[in-house]
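The values are calculated or read from the model by the stated rules, or taken from the named source; none is laboratory data. The model shown is predicted, which means the values in this text are computed figures rather than measured ones. Note: ideal-geometry Cβ built from the backbone for every residue, glycine included; neighbour counts use all protein chains shown. In case anyone asks, the SASA skips ligands and DNA or RNA and just uses the protein heavy atoms, side chains included. Shrake-Rupley method; radii C 1.70, N 1.55, O 1.52, S 1.80 Å.
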Number of protein chains: 4
Amino acid sequence: MSFTTGSSLKFSIFGSSHGNGIGGSLEGFPAGFRLDKERIKLWADRRKPGSSVYTSQRKEDDTIRIVSGFTGDYTDGSPITIFIENKDSISKHYDYLRDNPRPGHGDITLFYKYGKYRNYQGGGFLSGRMTAPLVALGSIALDLLKEKFGIEIISWIDNMGGLYFGEKIPEGSEEPYKFETRCENPESERLSKDILKEVLSRGDSVGAGIRTVVRDVPKGLGEPFFDSVESSLSKMLFSIPGLKGVEFGSGFRFQGMRGSEANDLFYIDGGIIKTRTNNNGGVLGGITNGMPLDFRVVMKPTSSIHIEQKTVNIEKMEESTLKVTGRHDPCIAIRSVPVVQCSTAITLLDLMIQAQKVGRVLKN
Amino acid sequence: MSFTTGSSLKFSIFGSSHGNGIGGSLEGFPAGFRLDKERIKLWADRRKPGSSVYTSQRKEDDTIRIVSGFTGDYTDGSPITIFIENKDSISKHYDYLRDNPRPGHGDITLFYKYGKYRNYQGGGFLSGRMTAPLVALGSIALDLLKEKFGIEIISWIDNMGGLYFGEKIPEGSEEPYKFETRCENPESERLSKDILKEVLSRGDSVGAGIRTVVRDVPKGLGEPFFDSVESSLSKMLFSIPGLKGVEFGSGFRFQGMRGSEANDLFYIDGGIIKTRTNNNGGVLGGITNGMPLDFRVVMKPTSSIHIEQKTVNIEKMEESTLKVTGRHDPCIAIRSVPVVQCSTAITLLDLMIQAQKVGRVLKN
Amino acid sequence: MSFTTGSSLKFSIFGSSHGNGIGGSLEGFPAGFRLDKERIKLWADRRKPGSSVYTSQRKEDDTIRIVSGFTGDYTDGSPITIFIENKDSISKHYDYLRDNPRPGHGDITLFYKYGKYRNYQGGGFLSGRMTAPLVALGSIALDLLKEKFGIEIISWIDNMGGLYFGEKIPEGSEEPYKFETRCENPESERLSKDILKEVLSRGDSVGAGIRTVVRDVPKGLGEPFFDSVESSLSKMLFSIPGLKGVEFGSGFRFQGMRGSEANDLFYIDGGIIKTRTNNNGGVLGGITNGMPLDFRVVMKPTSSIHIEQKTVNIEKMEESTLKVTGRHDPCIAIRSVPVVQCSTAITLLDLMIQAQKVGRVLKN
Amino acid sequence: MSFTTGSSLKFSIFGSSHGNGIGGSLEGFPAGFRLDKERIKLWADRRKPGSSVYTSQRKEDDTIRIVSGFTGDYTDGSPITIFIENKDSISKHYDYLRDNPRPGHGDITLFYKYGKYRNYQGGGFLSGRMTAPLVALGSIALDLLKEKFGIEIISWIDNMGGLYFGEKIPEGSEEPYKFETRCENPESERLSKDILKEVLSRGDSVGAGIRTVVRDVPKGLGEPFFDSVESSLSKMLFSIPGLKGVEFGSGFRFQGMRGSEANDLFYIDGGIIKTRTNNNGGVLGGITNGMPLDFRVVMKPTSSIHIEQKTVNIEKMEESTLKVTGRHDPCIAIRSVPVVQCSTAITLLDLMIQAQKVGRVLKN
């Protein structure tokens, strides 16, 4: 099924970018976790457009309504469902786009799949806006993992426009949010802004890489084979619009490595088994080995650009052109950082429940 | 669930590398497809060790027993189940390995997950041998897609040891099997063999990249969001032991691209909508757009090498060393080529059934 | 997972009887079906309390908000999600009930499962009110089956208070709604009302049996074994609060039958294979045989009665008493008739999609 | 999916009655449970035909081969897979049956679903023989529940041929196996044998009811709504060939009850909350309340009888007759008793794992 994912913790979304609204549900979340509406809003704002000149200026004055899942201030074991009203959904804007699919978007594939009945406005239910409920609900999972188990999920941009910013890992999960470009240090921020300015001036966009490191992830997470850590995470991550690659640990660099350098050798440090290197990104045989979970994803450049592009009119079956107007993101990866983080949180919490490391009712 | 995957077509495996045997089941396969035992054997042989000096010389004189799923010579709609007996499973060999986990393998994570009850022999149920049923059963899906729908899945090694062999796509799915190193042309074969010889001489191993291109894949495959083509394929692919990265189309190269070059522009060719480039690898919004499906995976170097490595004795909790004996693969990617191909076939057939492009009973 | 069910068509619910509201989602519904809000309201009203003196007088002035799933007036392939606001949820009323569980209700088992974090107000998320989204969304499935495939699902009360009203099947699905007691004829209505009056006068309630007959159900529906028609339907039906038994065809009467009378003998009628009797209720080997689908369910008497009952105070762990106030249903089965009908519609539509008898996009 | 069921513990079957063999897999079974092959054989024998004059005399000299799931003598967390070879599968016998479907069997519905590709021999994959792996694997779940948690599942025949043998519950799960007719006492045995003899003498068969009581089932089992105890159990139970009804607690007798007698009143007994009656069969709101789980199922009379019956020739589309030869069960319910018991065990163990009352690795 397409709009639901997960095993012991299920996440589902509904709605579309230009209908009544969008929402999502998190089913299987443990009872007894205190609701912090401010934290949810904080995370939602991090994904929202308009937070800086380097993200889309589209106004999304979203109010997140928590419909269910709580009794008093605590989760009660029932699905946590949220709903976000769509405020200004001007569909007129999308009449031309209906017949002339935007390159790089799913407009044309929705047409192939659903024909004249497709939800064609603004990407319909394939819109990036669909990640809003993912962040809102995922942030609750993020907080639970941090508060109750000390698991910290850190995501940041380590490559923009092909420029690699190095191996350094931010000190904590809040660090990258000190920078408008969600990177690790002021120098990377400065370089990123230069790229973004240049791209903005041309009406163009740029791709980027997001790395994620999870600290203090428990050993033994992940089910052998088809629900391995890598399989579970990649299934979730590849659902993020614009994400086109996932690699764990040394990832594609393994192509140029020998076994003798790729194997992470074991040693004992203070009674704990560790590995000298972490080429495997904390996962062996699909199961966590106690080293930090470490993976990277690539976000393609925002498909909506302010440059005239060639497309086809699918009604008349003739070639046409299209120029997307309105303000868009020069680099969608910036707003995808919290999306990756929250997707990771949901997946890890699911694996934690499957491995019975999180109970159905939390202990206090 | 860990040993089962898929939606309308479910694939499951059972057994372990050193127990009675291994097997698998393919549930939901359409009725009315003619069984070709020779083809199954052909594909199984392509994955089997010992086929050349460049793969492990371990003898696996496997006889694949088809237990169910057929009435007469045709599939009958019930699960196709196969069983492969383990012939020489000498468990004595694994006594030292029980306490001293092999670097790069899942030995230690099985210990973390199952403690003293773990299946510790030769990787247990995390062994690469578990891909044997995947190839045997996947080859039936491969043949169905080819015979009934003209869909051709081509996989080959395009990078070995960091050496990239170029963009050229083999003419057909059989091409790469003309080369012992499963590459695209004689020159790549020669270069690969040089690398493999050097690696073999040191008792070492090497990583590689496998590219897959699917020709004539129908438009409109893939379910929006969580069962997208990318999500479905990556979940399956990351289950292959040693696979550490998946990228679609331009993949990680998107990091260095602008939207204006990344967007695949539409045009009309003979009444068919095509794109000038295929940076998106045939997938937009998670759904196929009619262009060839195009993705790459990375296989890490074989973890078993003939060089002494540092490990720890998990019983005594002290550091130790380990040298894997016996003959192993210098580059596991070679034998993984048919595994990637057959995994792709199973996933695509699943998506085809979900999209109702394949019936529950085949038409003749 | 507990709040989601179904295979190719998934139904999920969220919310609780005394929180912000309740809602539900229907995922996998085919694109291209025209939305008829009046029909949805009609069906919702049939389940709603207060429609006659024989149902609870609780006011539920429900407005059903359709949040998503439609583009224009037609379904677009995305999840159809609805939301119903809770209007007068006075939680004060439930303070005594918090500590003194109502006999026959799930109050005590929610306590066992979720402890102090349970959703304790008015049955929480186990409340009968949770069937409101099931009816609203199920009615769309009901209409699709009728309009596009001529499948008619007829449910009615054939036994109240132990009084059996006979074998006669209503002419059409609308027939039973001509009677306040959802039965088949005026005489049954008169007898039912007598029972209900007597029961109401004592503050008591009464059980009943609901029979369902599905006309023109296609042959070959149902998957062998675990997703058989019987397994699929019973899983859904037993989710209806208060439903305690399901039997197909002759059901428990098979106990007293011989094979020679139980077997439905085949004959040919106008080129169609039929059976002389329909003891198997239209299902053989878990798959429909073309005869009407025929099953019965039993609804226990409403648990809330206006008679003082013995219970325990779970905080003080001492015996106590409880008298439920407010107006309740003398026979919950009356309002369950459309619930059974709509549950059947959702399950059958799911099986239709699985068997590829309904496409992902409807033909016109 | 049709041949797999369950959530945290998955059970699947493969094979058919007249192919190479049949088998099954139990995935998600906890690691660390000692294998007792004698116990598995004991339970398999209880289901096997030929155990007495009152069951079919067909020889099934089954050897159950445990293919995987164990390391040494203990379960290791991988799927427990078994295989049972078919010994004498004479398919010639089934040529007539191919064209002339047996009344009461799934022969005709397999034809409707799979056409000429159907598995037509002896019921194909709808055969009652498919319950053999269910019993073999379910018996391991049965033993785990008993040994580790003291949960005792007792099933017995309480009604044969319409003759009800009363409310009395056998002392333990072994009791009914002291009687050839799987009933509760010598008097019921005597009466049953009289019925069976009469039925056998006519070549006919008879229906029966099986009651199951589970003692010491933990409180709080079952997920709200769609994975309730009733939904989960009924989905599994209705997969048993010939089973046509399931009722919990007072079941269909609720039709004739008032709320004031149906509600189970709470009281405290030695610090434990109990109910005076158990009309709800130990389940409230879909969740166990600590009282014994109590349900009944009905098995229709064996469809294969030695009396000439009317059927149709589906090739020639003309009416025909059929007389089943060979020895068959006069009352299939007798051999279904262990099937019901083992199905219950698998379902309860699944719910136990979901509720985290059973770990992924057993404690000793």
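The per residue volume of the convex hull around the alpha-carbon atoms of chain C is 149 Å³. In this Cβ point-charge picture (+1 for Lys and Arg, -1 for Asp and Glu), chain A has a dipole of about 460 debye about its Cα centre.
Counting only protein chain heavy atoms and rolling a 1.4 Å probe, the accessible areas of B:S260, D:S304 rank, largest first, as B:S260, D:S304. Per atom type, the protein assembly as shown shows carbon and sulfur on 48% of its accessible surface, probed at 1.4 Å.
Comment: the Cα-to-Cβ extended label point of A:D73, at 7 Å, lies 5.0, 5.5, 7.3 nm from its counterparts in the other copies, nearest first. Between C:K148 and C:Q356, the modelled labels are 1.6 nm apart [label points 7 Å from Cα along Cα→Cβ]. Net charge dipole, the protein assembly as shown: roughly 0 debye, given to the nearest 20, about the Cα centre with Cβ charges of +1 for Lys and Arg and -1 for Asp and Glu. For B:E167, B:E175, C:E85, the ranking by accessible surface with the largest value first comes to B:E167, C:E85, B:E175, using a 1.4 Å probe. Distance from the A-onto-D rotation axis is smallest for the Cβ of the chain A residue given, in whole Å, as A:Q356, 3. With a 1.4 Å probe and all protein chains kept in place, how much accessible area does C:T131 have, in Å² rounded to the nearest 10? Roll a 1.4 Å probe over it and C:T131 shows about 10 Å². A point 7 Å from Cα along Cα→Cβ stands in for A:K357, and the other copies hold the same point at 2.6, 3.9, 4.7 nm, listed in rising order.
Taking every residue in B:116-125 and counting other chain Cβ atoms within 10 Å of its Cβ, the average works out to 6. When the range B:82-203 is described by a simple charge dipole with +1 on each Lys and Arg Cβ and -1 on each Asp and Glu Cβ, the residue from B:I108, B:I169, B:F125 located farthest towards its positive end is B:I108.
Sites listed here are GluC sites (Glu not before Pro) in the range A:237-321 whose DSSP assignment is loop and whose Cβ has at most 14 other Cβ atoms within 10 Å: A:E308, A:E315.
Comment: the Cα-to-Cβ extended label point of D:G166, at 7 Å, lies 3.9, 8.7, 9.0 nm from its counterparts in the other copies, nearest first. Between helix B:186-202 and chain B there is an angle of about 20 degrees, using the helix long axis and the longest principal axis of the Cα atoms. Extent along the principal axes, Cα only, for the range C:237-345: 68, 29, 21 Å, with the longest axis given first.
Our summary gives chain D a relative contact order of 23 percent, counting only alpha carbon pairs under 8 angstrom and 6 or more residues apart. Counting heavy atoms of the protein chains alone, D:F70 has an accessible area of about 40 Å² for a 1.4 Å probe. Estimated at the nearest 10 Å², the accessible area of C:L42 is 70 Å² with a 1.4 Å probe.
Modelled spin labels at C:T63 and A:R276, positioned 7 Å past Cα toward Cβ, are 6.9 nm from each other. Listed values for the range C:312-325 are Karplus-derived 3J(HN,Hα) couplings in whole Hz (6.51 cos²θ - 1.76 cosθ + 1.60, θ = phi - 60°), namely 10, 8, 6, 7, 8, 6, 9, 6, 8, 10, 8, 10, 6, 9, and x replaces Gly and Pro. Helical content of chain B, expressed as a calculated mean residue ellipticity at 222 nm, amounts to -8000 deg cm²/dmol (DSSP H runs of 4 or more residues, -39,500 (n - 2.57) each, divided by residue number, nearest 500). Label sites at A:T325 and D:Y96, each approximated as a point 7 angstrom past Cα along Cα to Cβ, lie 8.1 nm apart. What residues does the range D:5-19 have that are buried by at least 40 Å² of accessible area in the full protein assembly compared to the chain on its own, 1.4 angstrom probe? Output list: D:F14. Sites listed here are chymotrypsin sites (Phe, Trp or Tyr not before Pro) in the range A:228-333 whose DSSP assignment is loop and whose Cβ has at most 13 other Cβ atoms within 10 Å, and the list is empty. Going by alpha carbons, how many degrees (0 to 90, nearest 10) lie between the helix axis of C:333-354 and the longest principal axis of chain C? Between the helix axis and the principal axis of chain C, the angle is about 40 degrees.
Restricting the range B:133-215 to trypsin sites (Lys or Arg not before Pro) that sit in a DSSP loop and have at most 12 other Cβ atoms within 10 Å of their own Cβ leaves B:K168. What is the pair-distance distribution P(r) of the protein assembly as shown, computed from all Cα-Cα distances in 20 Å bins starting at 0, with each bin given as a whole percent? Each 20 Å bin holds this share of Cα pairs: 10, 39, 38, 13, 1. With a 1.4 angstrom probe, the accessible area lost at the D-B interface totals about 3300 Å². Helix B:37-47 and the longest principal axis of the Cα set of chain B meet at an angle near 60°.
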